[in-house]
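First comes the structure, then the notes that go with it.
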Amino acid sequence: MITTDASTIDIACREEVEHADTVAIQTFGFWIYLMSDLILFATLFTTFVVLGGAYAGGPTGKELFDLPYLLGETLFLLFSSVTCGLVLLALHDGKKKWVLIGLAVTFLLGLGFVSMEINEFHGMIAAGHGPDRSAFLSSFFTLVGTHGIHVTFGLIWMAVVIAQVAVKGLTSPVQSRLMRLSMFWHFLDIIWIGIFSIVYLTGVV
Amino acid sequence: MSQAFIDSTGASIGSLKSYGAGFVLSLVLTAIPFVLVMSGTLSYPLTLAGIFSAGIVQILVHLHYFLHLDTSSAARWNVLALIFTLVIMALFVGGTIWIMYDLYYRMM
């Protein structure tokens with residue numbers, strides 16, 4: 001009996017260790033994905049830098065970009081990044097209610113950002129300044145749109161995680177997913193810093 | 001299933017203080033380039049320098065305070081992967097821009 005117990009404990013310990021390794025490997029693997037995504041964005045940034053001056057007689061950034069509106073978008077994303085960090089703190093303390101509240105607030109802030117961006121794109125396309133107008137606008141819509149699609153997928157992922165926390169509770173797999181979602185979200189905020197600096201502010205100066 | 005918080009390398013979670021510091025620094029570093037561009041007080045090259053230095057510092061602030069990248073052994077491989085990615089990026093972003101501007105210059 002004693003040997004059976006000991007071997008059971010031994011197996012349990014090994015599973016615990018393997019589990020911790022699994023989470024670390026998943027986290028690192030997700031980081032490698034983020035790095036490949038960084039390469040993707042770098043190519044789109046480069047395309048924009050090369051084509052950003054090709055207006056083809058169309059509108060320039062100075063005529064199109066509304067800086068107070070851009071500041072609103074930027075603040076939505078920055079606030080959501082901070083609330084996303086606070087979710088991890090609540091997760092660390094095992095406060096399920098605060099994890100859910102934090103995720104809901106992060107989701108709404110992210111939704112605010114995406115709504116403002118869709119509104120901005122819609123206004124530009126309706127005014128005849130769509131991606132087909134000039135090389136500048138093609139590269140603009142590709143770069144900013146790719147970021148917007150990433151944020152949209154982040155929102156879908158967040159909705160799924162909210163449901164999982166609500167239904168399953170803060171189990172280890174759910175915690176692990178939440179941490180990767182948080183990395184994704186902070187990463188998208190970092191890409192946005194590049195976008196508002198290189199695309200918008202530089203275009204308006 | 002264990003309800004305890006899982007420890008994992010490369011994704012430490014920070015503290016209220018670090019998120020607060022990161023938030024305040026990010027707000028200031030976002031305000032600086034917007035004020036520079038909106039007021040238009042500085043010359044064109046100085047404004048550009050202001051935008052890019054504030055942007056780079058804000059990215060570092062995000063990496064440190066939000067993604068918790070540092071020189072600790074837990075984050076070492078994440079930092080190495082990031083540095084490798086930055087080298088690749090510098091090669092083809094710099095290379096592309098160099099080639100395209102050279103081409104533009106010769107075709108003028």
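The values are calculated or read from the model by the stated rules, or taken from the named source; none is laboratory data. Keep in mind the model is a prediction, meaning the values are calculated, not measured. Using ideal geometry, Cβ is built from the backbone for each residue, glycine included, and neighbour counts are taken over all protein chains shown.
When you look at B:Phe66, is it at the interface with chain A (Cβ under 9 Å from one of its Cβ atoms), aromatic (Phe, Trp, Tyr) and more than 19 Å from A:Phe184 (Cβ to Cβ), yes or no?
No: the conditions fail for B:Phe66.
Could you check segment B:74-104 and list, in sequence order, the residues that are under 22 Å from B:Gly22 (Cα atoms) and touching a residue at least 40 places away in the same chain (Cβ under 8 Å)?
Correct list: B:Ala74, B:Ala75, B:Asn78.
Of all residues in segment B:69-83, which are assigned to a helix (DSSP H, G or I) and more than 8 Å from chain A (Cβ to nearest Cβ)?
Result: B:Ser73, B:Ala74, B:Ala75, B:Arg76, B:Val79, B:Leu80, B:Ile83.
Would you check if there is a residue in segment A:71-94 being closer than 21 Å to A:Gln164 by Cβ, at pLDDT below 95 and outside any helix (DSSP H, G or I)?
yes
Could you check A:Ile32 against (1) under 16 Å from the mean Cα position of the chain (by Cα); (2) modelled with pLDDT of 95 or more; (3) surrounded by 19 or more Cβ atoms within 10 Å (Cβ to Cβ) and say which number it fails?
(3)
Filter segment B:32-55 down to the residues that are facing another protein chain (nearest Cβ under 9 Å) and touching a helix residue (DSSP H, G or I) at 6+ places or on another chain (Cβ under 9 Å) and list them by number.
Once the filter is applied, which keeps residues that are facing another protein chain (nearest Cβ under 9 Å) and touching a helix residue (DSSP H, G or I) at 6+ places or on another chain (Cβ under 9 Å), segment B:32-55 yields B:Pro33, B:Phe34, B:Leu36, B:Val37, B:Met38, B:Gly40, B:Thr47, B:Leu48, B:Ile51, B:Phe52, B:Ala54, B:Gly55.
Out of A:Ile101, A:Ile125, A:Ile162, which single residue is more than 15 Å from the chain's Cα centre (by Cα), under 24 Å from A:Val204 (Cα atoms), part of a helix (DSSP H, G or I) and of a type in the set (Val, Ile, Thr)?
Residue meeting the stated conditions: A:Ile125.
Select from segment A:154-173 the residues that are modelled with pLDDT under 95 and either crowded, with 20+ Cβ neighbours inside 10 Å or more than 10 Å from chain B (Cβ to nearest Cβ) (or both) and list them in ascending order.
A:Leu170
Give segment A:52-70 a look and list any residue that's within 10 Å of chain B (Cβ to nearest Cβ), surrounded by fewer than 18 Cβ atoms within 10 Å (Cβ to Cβ) and in a helix (DSSP H, G or I), or say none.
Correct list: A:Leu67, A:Pro68.
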